Every structure is written in C-alpha cells, then in structure tokens.
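S.K.: The structure follows.
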Amino acid sequence: MRIAVEGCMHGELDNVYKTLQYMENINNYKIDLLLCCGDFQAVRNENDMESLNVPRKYREMKSFWKYYSGQEVAPIPTIFIGGNHEASNYLWELYYGGWAAPNIYFLGFAGVVKFGNIRIGGLSGIYNARHYRLGHYERPPYNESTIRSVYHVREYDVHKLMQIEEPIDIFLSHDWPRGITDYGNCKELVRHKQYFEKEIQDGTLGSEPAAQLLEKLKPSYWFSAHLHCKFAAVVQHGEDSPVTKFLALDKCLPRRKFLQVFEIESGQGPYEIQYDEEWLAITRTFNSVFPLTSQSANFGGVQHDMNDCRQWVRSRLQERGAKPFEFVRTVPCYDASQSLSIGAFAENPQNPQTESFLQFLELPNLFENALESREPTQSPATLDHKGPDLDPEEIPIDDEDELEELDEISKRHALSNLFAVEVFEYVMVKTEAAFRLSTTERLLMSSNPGIGSFCKANGYVLFVFVLFRLAASPCCASLSFNFYAASCPSAEFMVANTVRSASSFDRTIPGKLLRLLFHDCFVEGCDASVLLQGNGTERSDPANASLGGFEVIDSAKRVLEIFCPGTVSCADIIALAARDSVEIAGGPAIQIPTGRRDGRASAAENVRANIVDTTFTMNEMIKAFSSKGLSMDDLVTLSGAHTIGSAHCNAFNDRFREDPKGKLTLIDTSLDSSYANELMRKCPANASSSVTVNNDPETSFVFDNQYYRNLLAHKGLFQSDSVLLHDERTRKQVENFANDQESFFSNWGLSFLKVTSIGVKTEDEGEIRQTCSMTNG
C-alpha cells in the first residue's frame, strides 16, 4: 500500500491533490491513501470561519467547501485529524469521527479506523496543561477563550486511546510527542529552529500525553506537524521491542518539506475506510463518563468487560457491515454570489452521522442535553487569565515565530502565492517518491527546450517551469539549477524570505528590485557591478540616482554570510530577489539557474551607453535589446515590468511642455487626455524631484497584464511604452498580452531567464564578495 502523508493542510486541498496526481503521473504509480496531520481547516461557509482560530487578516475560504458541496470529489481517500487552526464547530459535530466530505474522513477528537488491514489511530488538537483534565465544555459560538481551548487535548480522549492493546500501524498527532527530539538529529533541528533549543533543554517541547501514547502504543509509524518543519526520528522501545519511525512535516508552502510518500506492507484490499472493532468497544465502554462540562471524567466509575463488549460489537458489525455511515451535509455551502448571515447556525445542528453512530452502538445521545448543561464561557481553569487565552505552544498562522534566525528586515514572513512541492526520504522509511523540484526540472529538461506550465484549479496560480538551453551561451555554461543545493541549500529561501519581509513593510520594494536587476545586467552583465559604491562607479551616475532596493540585497547578503559565509554571490542575490519580487507581486513563479560571480569593475561611463532611456524610439530600443542578445519579442515582454514600480516626474516630462506662465501642456497626442491631466496634476512644473507616480495607474502593486491594457487605452507612462502600441512590429503582441495574461506570464519566464543570463561571470571570471558594496580587494 502506498500512502502519502501531509503536514499542516491549511485548506490547500486543491494544491495537495493536484500535486499527488502529478506525482502519480510522472512516477507511474497509484497512491492509495492521504493522511493529514492537522490544521485541515474544513471550512464549509462564512459561519465556520467564525470558529476558526486564525487572525482575521489570514482567514480565507480556501478550497474545502468545494469538496463539501460536491463540486469537487477527493481523488484519493483522505483521513485527517484536527489541529489548532480548525473550523471547530464542524469538527464538534463529528466528535466520534465521520465523513467531513465525500471521501474525506475525520478521525474524530480521538479515534482508530482500518484502511484495508492497516490500523490508523490519531489524536486531534494540541496539548495545554491547564485544560488537559477538563471536560469538553466548549460550545459554539465560541468566545476569545473557548475558540482556543476547544482544540486542547483532553485526558478523556487520551485515556480511551491508552486502552488499545492490539498493534497500531500508523498514528497521527498534531503536536510532537515530548522528548522525540532525543531520537533524531537534534543539532540539525536547532540549527534551523534556534528558538526550539531552550524548550528542548527544558524538556517542554511537545506533548506529554502524546509521549505517553507513543510509549504505550508503539506504532510502526508516527506522523506529526504543528511546528512547521521536517524532523525525523527512530524510537527503539527497549531491546528486542518494536521500533517507531517518526516524521514531522511542514505546512503547504513554497520549497517546504510538507509531503511524504511511503510504502507499507498490507493485504490485497479492498482499500476502504472501515470501523475498528476494538475502538468501537472502547468507545461504547467509556461513553457513559463522557465529560460534557468542565468537570473531568470519573474513570473509576466505569465497569466493563472488554471481551464481552468486543463480542457484542463484532456481532453488530457482522449485521450491518463496518463501513462508516454515509456523508450528510448539515449546513449551506459557501456561495460566492451570496452572503451567509453570520450566526445563522451559531449553535450547530446534530449531525446525522453522529446520531446513526450512537444508535448503532446503542448509546444515548449525550449531545442532545449538552446545550442545557452549558456553562459560562469562561471555565474555572481560565478565570485567572486576563485577555485572550494565548498559548506559547500554538504556532501562529503567519509563521512569524519561524523567522527569528533572520536579521531585522527578515523577521516577518508574508505568504506567497507560489505552490511548490518537495518530498523527502527519511531514515528507515522506504519511498519511491523522491520528487523534488530539481527532479521536475530534470524531467522537463530531458524534453525539447521550451516552456511547461500548468495551472491550479480555477486559475489561481500559474506554475511556470522554464527550460533554458544554457549551452547556447558559453558565458552561462557553469550556471545550473539548484547551484547551492550542497553548499547552501537554504540560499534561495533566505533571499525570498528577505524580499517578502521587506515587501510587507514597503509595497514599492518589488518594483525597485526588478528595476535594479535591469540596470545591473544591461551595463556590465549580471555581475552586481551596480552595487559597488565609490566615485566613478555605475551607482554614482545620475541615471542610477533613483535606483532603490539596495538595503534588501544587503540584508539578504548579511543573513547568507551568517549561515553560508563566502558562498552566495551578490549577483545571484539580485537575480533571485528580482525573480521573487515578481512572484510576490502576483506574477509567475520561475526557476532560474544560479552560479553567477560578482564583477570586480564598475564604471559610470558605461551606464548611459547601455541602459534604455524612456524617450527611446522603437528602433533605438530594438538596437539596445539586440546588443544584449534579446529579441523584439523579449522587448515587448520585458517592458511588462512596468506593471509594477514607480517613476520620477522627469522620466516622462518630454511628453509635456512648460509655457511661459509655468504651466504644463500636453504635446504628445498619443497619450489619453484624462490620463495626461492626472499626470500634470501630480507632476506640475514646479514638482519636487522626489515626487513619483506609479507606472501602472490601475493595479499599481500587482504584477499582471494591466500594463498592456493600459497601452491599448493610451495610458502608457513613458514614450518608450506608447511606441509599442503604435509600431506595427509590436502592436499584435501587445494586444495578445492585454487579452491573455497566461500568455504574458509564459513569455515572461523565457525572457526573464535571458535577462538574468546577460554577460554573467562564472568561476574565475569573478569573485564572491563579502560585502555587496565593495570588492574583496
């Protein structure tokens, strides 16, 4: 049986399923089951969003609602547990477990099921000592305290799991078992997550109940998530005792280790989810002390004979069968065209699956009286706290706590639209899915050079894997994808994270970094010569006086020098930062080769002769681009960089004339008159030299095809923009890009690769600067 395991889902079902299907295609195998270790976010509608403990600015409907509504059907049977970012009102409906959507099964607050002959157990939520011994007293609608405490692990659920005697093959928990770091490469973990060190030393990292379950159940495999990093361990339960192979996985984000595929021995099937006899017997036995108030369960009052109970359950399963009860929708599905009144279903309906399950086991429905016994919204355990019930072990949705190893400008992480997948082998786990982004590139490169792309569902993000024949230019012979894979494997992540962080503070950063790349590559080649400071350098020329983004490059360099000293060139940082800027602004995600070296020379006299001026005619631009090995198609495509960024007034003042009274008048009749009036208002004749206007007046900070739509509306900011529309050689391509953003994105990937390969220096032709603003000499 081949099983895929995913860390924190965070509602990205479309992305994960598309990725798994792609893996099946390229590896020619079938994945039988997907397991998710929490933060699944089964959000059905706007009302569910109110029960999701996520800051409002990060709340999104994501994609689960489509599977709940039946618009989409999970292509792979899926089993998940709950984490600490869940639609808790819905999971409470399915406390004992059940279908959250067709082919998507929630394991319950605690539970065990069989898939084929594989036994899979799990514990939802995270551990909090203050609430551990309380009952399940929380009910929707939740307040600031109960929206957190509702997903805290309870002793009652753990106690039931501790009664299991038969072997468990796979166990899922959201947070890690406490002490698990003693059984893996703890030093490597701390190197990437420095702020874990104190908790590891204090013995407080992870869940104590999970550690107890690990010792008692000794499953063959244990998977977790929550801490947003990959960590593998092997637990030997005493001499000649079973071994547990543990793996924690990350969340679904770019270049993160969030997915694992492995094989496990099993029978021939059929592979379908079924109730587990032993677990049903345990559930039936302990349901009488199910604590639905803040009072803890009284286990001493339970009288049972497990053998008799199992025989009774066995007979019931033989009568009915072991398949779970059928999925039933209980609330309206999200509808983008209609707004659901928040609070319409504040107190959840009884779920027919839960009712049928209890009837099957001949148990009373304790939930019917739960609302009558409902207690004040603050339990005795939380009355001594002021303000929201914040827990230090809860990892924020925005991952701010993951970035402490970066310098000041890199301490915040903005979520990217890119979705990439990496699957990694880990110790003692057999896997046939060594699927990395670099593998994808190698597969694509084995075919004809060109471009391969595919889209997320609903066109949400375009993946662009660009193939570029490096051998076409001798200067690029030493560039390669993942050049730093061995010497500095996190290099691209560190650059991307620095750019994201800076952009979250200053929305103009992406445009500045993209312009910085062009001014670097068009002069001495992509060698970071534009970064060198001093009299007579490129940076000192007045044409480069308005360049920005230097501090972002310097910040990324400082971080890289801490972790990978003398390894990553400033030239590569510029190229990667410009690449990431496009992606962060909503443009295509592109893989580019690295391995550039930094140049040792920089001369101001070379600037004017090489850069493209905004007053250039079409022939002048064609000549400038051609001298760099770029075609007319590249010219039109790369001009699309003006969809973000801004310009000073003197960059387009040639389109106006100042009359004797100091008033501007329009002399370029190709410019839309209303747009011209707006420009004259923002940039009067006496405007300060610091005044700027956005290149794109419509979607100023979004990398899209609006630039070309502006050209069709005669709203190109520069003369060099407008000529693209009026010249017959380029007009058709402008119209194509204006009507087809995907075509623009695809062409952008190819042209961008060409730009970042202009005149690169490799090996002994350059150096790796210690500081980007000066050479090493």
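The values are calculated or read from the model by the stated rules, or taken from the named source; none is laboratory data. Quick caveat, the model's predicted, so the values are computed rather than measured. Here Cβ is always computed from backbone atoms with ideal geometry, including for glycine, and neighbour counts include all displayed protein chains. The area values use the complete protein model at the heavy-atom level, side chains included, leaving out ligands, DNA and RNA. Shrake-Rupley method; radii C 1.70, N 1.55, O 1.52, S 1.80 Å.
S.K.: State the number of residues belonging to the range 689-717 that are under 21 Å from N653 (Cα atoms), crowded, with 20+ Cβ neighbours inside 10 Å and not aliphatic (A, V, I, L, M).
M.R.: Selection size over the range 689-717: 6.
S.K.: Of everything in the range 539-575, what is surrounded by fewer than 24 Cβ atoms within 10 Å (Cβ to Cβ) and touching a strand residue (DSSP E or B) at 6+ places or on another chain (Cβ under 6 Å)? Give them in sequence order.
M.R.: S546
S.K.: In addition: Which members of the range 594-610 meet the condition of being farther than 30 Å from P489 by Cα, assigned to a loop (DSSP other than H, G, I, E, B) and open to solvent by 30 Å² or more (accessible area, probe 1.4 Å)?
M.R.: R608, A609, N610
S.K.: If I ask for residues that are in contact with a Leu (Cβ under 8 Å, 6 or more places away or on another chain), assigned to a strand (DSSP E or B) and open to solvent by less than 80 Å² (accessible area, probe 1.4 Å), which ones from the range 640-664 would you list?
M.R.: Matches in the range 640-664: A647, F656.
S.K.: Next question. Pairs under 8 Å by beta carbon, first residue over 19 Å from L253 (Cβ atoms) in the range 484-496, partner part of a loop (DSSP other than H, G, I, E, B), six or more apart or different chains?
M.R.: Listed pairs, sorted by first residue: Y484/C564; Y484/T567; Y484/V568; S487/C564; S487/T567; C488/C564; C488/T567; C488/V568.
S.K.: Check off (1) without any contact (Cβ under 8 Å) to a residue 60 or more places away in the chain; (2) surrounded by fewer than 21 Cβ atoms within 10 Å (Cβ to Cβ); (3) out of contact with any Lys or Arg (no Cβ under 7 Å at 6 or more places or on another chain) for S746 and give me the number that stays unchecked.
M.R.: Only one criterion is unmet by S746, namely (1).
S.K.: All but one of (1) open to solvent by 10 Å² or more (accessible area, probe 1.4 Å); (2) touching a Cys at 6+ places or on another chain (Cβ under 8 Å) hold for R256; state the number of the condition that does not hold.
M.R.: Answer for R256: the failing condition is (2).
S.K.: Given the conditions (1) part of a loop (DSSP other than H, G, I, E, B); (2) on the phi < 0 side of the Ramachandran plot; (3) open to solvent by 20 Å² or more (accessible area, probe 1.4 Å), report the number of the one that G536 does not fulfil.
M.R.: Here G536 meets the rest and fails (2).
S.K.: Among the residues of the range 298-319, what is the count of those that are open to solvent by 70 Å² or more (accessible area, probe 1.4 Å) and over 11 Å from E277 (Cβ atoms)? Lay out the reasoning, then the answer.
M.R.: To start, the set of residues in the range 298-319 that are open to solvent by 70 Å² or more (accessible area, probe 1.4 Å) comprises 298, 303-305, 307-308, 311, 314, 318-319.
Next, from what is left, pick out any that are over 11 Å from E277 (Cβ atoms): 298, 303-305, 307-308, 319.
Selection size over the range 298-319: 7.
S.K.: Right, another one. Out of the range 495-519, which residues are modelled with pLDDT of 90 or more, open to solvent by 20 Å² or more (accessible area, probe 1.4 Å) and either touching a Gly at 6+ places or on another chain (Cβ under 6 Å) or in a helix (DSSP H, G or I) (or both)?
M.R.: K512, R515, F518, H519
S.K.: Quick one: would you say T204 is open to solvent by 20 Å² or more (accessible area, probe 1.4 Å) and polar (S, T, N, Q)? Please lay out each step first, then the result.
M.R.: Working: open to solvent by 20 Å² or more (accessible area, probe 1.4 Å): yes; polar (S, T, N, Q): yes.
In short, yes.
S.K.: Do any helices (runs of 4 or more DSSP H) lying entirely in the range 18-96 carry at least 2 residues that are open to solvent by less than 10 Å² (accessible area, probe 1.4 Å), and which ones are they?
M.R.: On the way: elements: 46-49, 64-69, 88-93.
In the range 18-96, the matching helices (runs of 4 or more DSSP H) lie at 64-69, 88-93.
S.K.: Mind checking which residues of the range 103-113 are touching an Asp or Glu at 6+ places or on another chain (Cβ under 9 Å) and surrounded by fewer than 24 Cβ atoms within 10 Å (Cβ to Cβ)?
M.R.: Taking the range 103-113 first, the residues touching an Asp or Glu at 6+ places or on another chain (Cβ under 9 Å) are 108-113.
V113 - this is the single residue of the range 103-113 that is touching an Asp or Glu at 6+ places or on another chain (Cβ under 9 Å) and surrounded by fewer than 24 Cβ atoms within 10 Å (Cβ to Cβ).
S.K.: Quick one: H192 ticks every box in (1) open to solvent by less than 10 Å² (accessible area, probe 1.4 Å); (2) under 25 Å from the mean Cα position of the chain (by Cα); (3) not charged (D, E, K, R) bar one, so which box is it?
M.R.: Tallying (1) open to solvent by less than 10 Å² (accessible area, probe 1.4 Å); (2) under 25 Å from the mean Cα position of the chain (by Cα); (3) not charged (D, E, K, R), H192 fails exactly one: (1).
S.K.: Can I ask one more? Exactly one of (1) β-branched (V, I, T); (2) modelled with pLDDT of 95 or more; (3) open to solvent by 10 Å² or more (accessible area, probe 1.4 Å) is unmet by V734. Its number?
M.R.: Condition (3) is where V734 drops out.
S.K.: Sticking with this one: For the range 265-299, enumerate the residues that are assigned to a loop (DSSP other than H, G, I, E, B), within 23 Å of G108 (Cβ to Cβ) and not acidic (D, E).
M.R.: Our first condition is that a residue be assigned to a loop (DSSP other than H, G, I, E, B); within the range 265-299, this holds for 265-272, 276, 290-298.
Add one more test, that the residue is within 23 Å of G108 (Cβ to Cβ), and what stays is 266, 270-272, 276, 290-298.
Answer for the range 265-299, where residues must be assigned to a loop (DSSP other than H, G, I, E, B), within 23 Å of G108 (Cβ to Cβ) and not acidic (D, E): S266, P270, Y271, F290, P291, L292, T293, S294, Q295, S296, A297, N298.
S.K.: All but one of (1) farther than 14 Å from Y334 by Cα; (2) touching a Gly at 6+ places or on another chain (Cβ under 8 Å); (3) at pLDDT below 95 hold for F109, so report the exception by its number.
M.R.: (3)
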